[in-house]
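Below is one structure, written out as structure tokens, with a few remarks after it.
Quick note: the coordinates plus some simple rules give every number you see, no bench work behind them. What you see is a predicted model; the values in this text were computed from it and never measured. No Cβ is skipped: glycine too gets one built from the backbone with ideal geometry, and neighbour counts run over all protein chains shown.
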Amino acid sequence: MKLPAPFIQLPLSFDADALAREISAIDEANWRSHPGGIPGNSALPLITTDGDPDSDQVTGAMRPTPWLERLPYLMQVLETLGATWGRSRLMRLSGQSEVVGHVDINYYWREHMRVHVPIVTTPSVRFQCGGHEVNMAAGECWIFDTWRHHRVLNQGNETRIHLVADTVGGVGFWNLLEQGRTPERREPGWAPRRIDPAAAHRAMLDYESFNASEVMTPWELRECIGFLMGEVERSPQLPAIHAVLTRFARYWHGVWACHGDRPSGLPSFRALLKDVQAALAQAGVEQVRMQNGLGLLPVLKAHIFSMALMADADAAAKRDPHGARPAGEQGRQEARVATRSPTFAEPIFIVSPPRSGSTLLFETLTGAPGVYTIGDESHQLIEGVEGLAPSHRQFHSNQLGRADATPEVTETLRARFLDALRDRDGNAPAAGAGAAVRMLEKTPKNALRIPFLKAVFPDAKFIYLHRDPRQVWGSMIDGWRSGRFRMYNLPGWEGPMWSFLLTPGWQALNGQELGEIVARQWETATRLMLDDLDALPAEDWIAVDYGRFLQDPQREALRLSDFAGWSWDRELGAQLPLSRYTLSRPDPDKWRRHAAAIEPRLQQWKGTIDRAARAAGL
């Protein structure tokens, strides 16, 4: 659900230890792996369709499973929140795992909120949403904006367990929400009310029984259209698209007035759905994007076209129980099809030191047709593989070599990427042997993993992104100080929690000034990266300068697409939107705020600075 803020904390807190003791009595055999095969994810169903523990549906009569009824305090938690409950679960995220970044766009999330109550957690669990980040402490109660891009990282080694409960609200819930606060608001005297277990109390809960109309009413249809039109980016195609949708809503109302939701109207409603999608294609709907980065067409399909007629939606689900589910919730719920065996074809990795502008370049290139990404950086996707995290390697660094790409690691990592990939419209790669997948990836830590990635993906190619090191160092200093890029609690490290990639030889930086730390991070990463790129055939990598990219993004996007071997069907404006990890308004001279920390080190690392500039053709 779209909320006024990325995160809102509700004014309640609960006894996390008591909740943990309750759930420890549930047999491990009752926990289920994630329906989409997300590594490290498992769940204990609490409220499902008809109370069926094996159901992952989000429509139908929601009822308690046998496991919920064995958790009396947890039921008291739900009762205190004063809501009508939809699908709800206990969800685990193992150490060194993540929920890959995504936006929830299916119909279910138009009006549902997701309540999180952390039960077992650590400071290493980071929840990111819309450019903001929180660590939800044990016993707290939070909701977040599922309409924004969000992800979850568990960078520790302990398993995280949350109560995750979905709701459209209720009288008590909305009153609590009015008393909630965002992480930025520090109101004097604000404190959550503690709710302890009541031994003699049997909680009474309200469950959803009606959550989707047999035929979408014209009033709901107009509301959906109005909401989506308010969330699109401005484009020349919008007037024609708005006119098509307005006519569609009027025609739908006419059929509704005659038939209502009776079966006699289904042929006419189906004809309208077919006609409007053809008209939208002619109006150029595939060229229009939402403000949250998704395409308008898949959002229309998820919110309206796939749900306007529940009889057809149910029939589609029976024919294809995985493919019929719209993209969205935690990796978009598609179960991995056992027969799927597409192959990676020349995957492209953007490599650079952190804060070089790789997010903006990545977000731009994800607009290419037929290109698949995991939607964000692959920290936990890679480090969640046994043996690849620094904590599994005596905290040496993020550096990985060819020897680390064992057959088992290679198979696991390729499968993890494949499960998480989506194209610009939110679609998973097509199933079937021989299907070629064009993947684009960017994670700054991969500057230290080029030989490893080349071993896992033998036909991989690389885009080296260069940026003025003064700008990079200045942005890295800001990033360290912001606390948003913390990565590791290092043994023996006496400075602030380590941020960004972990470079070999980090121990020598203990006690050094921040300017020295970031300069050495950049120099080590750049030197090793250029060594590895120089060892590749010349046709396997290309360089782009961030300044040149900003000056003419269309020219650079075309040049890089030609190198990658994919097409480019967009016209970029002179001003690109800000990337999701932007800390403050871009300014090429912003680094001068840290000139005293940066300028004395430019001569010290002049050799690597000049080498990087030559590699970028400067």
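Data table
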read-out	value
Footprinting exposure proxy for TYR108, TYR207 (fewest neighbouring C-beta atoms within 10 Å first)	TYR207, TYR108
Separation between Cα centres of the range 250-279 and the range 157-217, rounded to whole Å	37 Å
Check: the chain dipole with +1 on Lys, Arg Cβ and -1 on Asp, Glu Cβ, in debye	940 debye
FRET efficiency estimate (nearest 0.05) - Cβ-Cβ, ASP425 to GLN551, R0 22 angstrom	0.15
Residue order, fewest to most surrounding Cβ atoms within 10 angstrom, among PHE210, PHE127, PHE227, PHE395	PHE210, PHE227, PHE395, PHE127
Sequence of TRP566, TRP190 once ranked by neighbouring C-beta atoms within 10 Å, starting from the fewest	TRP190, TRP566
Placed amide H near VAL371: partners under 5 Å, 5+ positions off or other chain	ARG424
Between 0 and 90°, nearest 10: helix 310-319 axis offset from the chain longest Cα axis	60 degrees
Charge dipole of the chain about the Cα centre (unit charges at C-beta), most positive-ward option of ALA138, LEU418, ASN446	ASN446
Entries of LYS445/LYS590; LYS301/LYS445; LYS445/LYS606; LYS301/LYS461 with Cα pairs more than 27 Å apart	LYS301/LYS445; LYS301/LYS461
Shape of the range 218-308, Cα gyration tensor, a/c cut at 1.5	prolate
Rel. contact order, % - alpha carbon contacts under 8 angstrom, at least six apart, the range 343-615	28 percent
Residue among ALA61, MET204, LEU272 farthest towards the positive dipole end of the chain, charges placed on Cβ	LEU272
Relative contact order of the chain, pairs being alpha-carbon contacts under 8 Å that are 6 or more residues apart, as %	14 percent
For the range 249-254, Karplus couplings with θ = phi - 60° (6.51, -1.76, 1.60), whole Hz, Gly/Pro x	5, 5, 5, 4, 5, x
Charge dipole magnitude, Cβ of K and R +1, D and E -1 - the range 443-582, Cα centre, debye nearest 20	440 debye
Inter-label distance for ASP54 and GLN512, nm, one decimal - labels placed 7 Å from Cα along Cα-to-Cβ	5.8 nm
The range 343-615: C-alpha gyration tensor shape, a/c 1.5 cut-off, then a/b vs b/c	oblate
³J(HN,Hα), Karplus 6.51/-1.76/1.60, whole Hz, each residue of the range 147-154, x for Gly, Pro	6, 9, 5, 9, 7, 10, 10, 10
Cα gyration tensor shape for the range 7-207, rounded if a/c is under 1.5, else prolate or oblate	rounded
5 angstrom amide H check on TYR207, placed H, neighbours 5+ away	TRP85
Chain lengthening between GLU411 and ALA538 when straightened (0.36 nm per residue, less Cα-Cα)	43.0 nm
Amide proton proximity set for ALA543, modelled H, under 5 Å, gap of 5+	TYR464
For the range 512-529, 3J(HN,Hα) per residue [Karplus equation, 6.51 cos²θ - 1.76 cosθ + 1.60, θ = phi - 60°, Hz, x = Gly/Pro]	7, 5, 4, x, 5, 4, 5, 5, 6, 4, 4, 5, 5, 5, 5, 5, 5, 5
Segment ARG402-LEU602, extension gain: residue separation times 0.36 nm, minus the distance between their alpha carbons	68.7 nm
